[in-house]
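So the structure is just underneath, and the comments pick up after that.
The values are calculated or read from the model by the stated rules, or taken from the named source; none is laboratory data. This is a predicted model, so every value here is computed, not measured. In this analysis, Cβ positions are derived from the backbone assuming ideal geometry, glycine residues included, and neighbour counts consider all displayed protein chains.
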Amino acid sequence: MSIYLKKVLLVIAVSITLKGISQQRPYYTQYIMNNYLINPAVAGIENYWDVKMSHRLQWVGLQDAPVTTYLTIQGPLHKAAYNNETATTIHAEGQNPRGESYWRDYTAPDPHAGVGFTVINDRTGPLNRLAAYGTLSYHVGLSPTTNLSGGISAGFTNMSLDASKLNFGVINVDPAVGSSGLINRIKPDISAGLWLYSSDYFIGLSAQQIVPQQIAFSDNTVYVEKGKLVPHLFLSAGYRMQLTDDISFLPSGLVRYISPLPIGFDVNAKFQYQDLLWVGANYRYQDGFAGMIGFNVNRTINIGYSYDMQTSQLNTVSKGTHEILIGFLLGNKYGDWCPRNLW
């Protein structure tokens with residue numbers, strides 16, 4: 001195969017990856033447990049530092065399928081002067097600390113600032129995306145039970161191509177291409193959002209990759225035609241319904257828009273037993289279904305797991321998607337076993 005033809009194949013392979021996928025940011029199933037991933041305005045919403053770690057194996061069984069790992073840390077700059085123990089601290093037998101009486105007495109947090117930090121690594125075959133950014137947010141009161149917050153994140157994205165992993169289905173691959181190694185491109189990464197929340201509902205609007213970026217992989221051996229990183233817009237909303245004093249029903253949805261692709265959406269349903277256990281389901285339009293389960297071990301540690309099944313043609317080669325989430329509530333002097341503003 002000629003050197004020219006091999007370079008043409010390289011152009012096609014990477015251009016399809018940059019331009020043809022449904023979205024350039026990774027998917028998450030358990031974003032309902034970490035809305036900060038989608039919207040920077042969420043940073044500092046609780047009265048403690050929230051640390052989340054997640055690992056996602058997408059389309060298991062498919063070679064070079066996406067693998068996503070992230071770490072997020074977010075919390076308030078100044079904590080409210082809550083007592084060390086409240087009604088939600090003690091799990092009295094037969095009583096639900098997150099029951100109807102609790103929500104009747106709910107009050108929104110005082111105006112305050114929040115900060116956060118995120119690291120995400122997303123690998124698909126020879127392409128790898130490493131992103132890191134910091135967040136600043138501010139929460140203001142609109143009424144005794146309703147708050148509005150705004151936030152902005154800024155950092156960088158490092159897109160890297162491992163040319164040595166490119167396989168064109170021939171043995172005598174041009175050694176110059178095969179030995180090119182890693183080609184890195186660093187681009188700025190800016191996101192912004194708004195988050196309206198109360199005891200019964202939330203509505204969020206956010207934009208990621210606000211500044212469009214041209215990207216091309218090139219060294220002295222390999223040149224790949226320019227692709228483009230485009231903005232991603234997200235609209236999310238949820239509502240809390242108390243079915244019984246012990247069980248809450250929490251439906252929510254997410255709409256995403258990435259030009260010039262059609263609008264996509266998710267629908268979520270979550271049932272929570274007291275402040276201890278939750279189960280849920282997710283439907284992603286024209287993609288698949290997911291089941292989720294989570295458990296609050298204590299006032300410091302929570303764990304979540306989800307399993308996705310594809311309804312697209314990928315289900316013929318994929319054994320599903322696994323996602324594990326571990327959370328830590330640091331400095332949780334308020335005593336909550338689960339979040340009071342991100343339910």
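Of the strands (runs of 3 or more DSSP E) lying entirely inside the stretch 269-343, those carrying at least 1 residues that are of a type in the set (Asp, Glu) are 301-310, 321-330. Of the residues making up the stretch 249-267, those that are closer than 18 Å to ARG25 by Cβ and either in contact (Cβ under 8 Å) with a residue 40 or more places away in the chain or among the hydroxyl-bearing types (Ser, Thr, Tyr) (or both) are LEU254, ARG256, TYR257, ILE258, SER259, LEU261, GLY264. Checking each residue in the stretch 49-67 for being part of a loop (DSSP other than H, G, I, E, B) and crowded, with 17+ Cβ neighbours inside 10 Å picks out GLN58, TRP59, ALA65, PRO66. Residues in the stretch 279-298 that are of a type in the set (Val, Ile, Thr) and either crowded, with 21+ Cβ neighbours inside 10 Å or touching a residue at least 12 places away in the same chain (Cβ under 8 Å) (or both): VAL279, ILE293. The set of residues from the stretch 200-218 being modelled with pLDDT under 90, surrounded by 15 or more Cβ atoms within 10 Å (Cβ to Cβ) and not aliphatic (A, V, I, L, M) comprises GLN213, PHE217. Any residue at all in the stretch 40-48 that's assigned to a strand (DSSP E or B) and surrounded by fewer than 24 Cβ atoms within 10 Å (Cβ to Cβ)? Looking through the stretch 40-48, none of the residues is assigned to a strand (DSSP E or B) and surrounded by fewer than 24 Cβ atoms within 10 Å (Cβ to Cβ).
The numbered conditions (1) hydroxyl-bearing (Ser, Thr, Tyr); (2) touching a Leu at 6+ places or on another chain (Cβ under 8 Å); (3) loosely packed, with under 14 Cβ neighbours inside 10 Å; (4) at pLDDT below 95 are all true for THR244 except (2).
Pairs linking a residue in the stretch 317-334 that is at negative phi to a residue that is acidic (Asp, Glu) and surrounded by 15 or more Cβ atoms within 10 Å (Cβ to Cβ), with Cβ atoms under 6 Å and 6 or more positions apart or on different chains, are THR321/ASP308. Under 8 Å between Cβ atoms, at least 6 apart or on separate chains: pull out the pairs that start in the stretch 11-38 with a residue that is under 19 Å from TYR197 (Cα atoms) and end on any residue that is modelled with pLDDT under 90 and surrounded by fewer than 22 Cβ atoms within 10 Å (Cβ to Cβ). Sorted first by the residue in the stretch 11-38, then by its partner, the pairs are ASN35/LEU342. Taking only the stretch 18-34 into account, find how many residues are farther than 14 Å from LEU233 by Cα and at pLDDT 80 or above. Count: 7. Which residues, counting only those in the stretch 315-334, are modelled with pLDDT under 85 and either buried (at least 18 other Cβ atoms within 10 Å of the Cβ) or within 16 Å of the chain's Cα centre (by Cα) (or both)? Passing the criteria: SER318, ASN332, TYR334. Just one of the listed residues (SER191, SER252, SER259) is among the small types (Gly, Ala, Ser) and at pLDDT below 95, and it is SER259.
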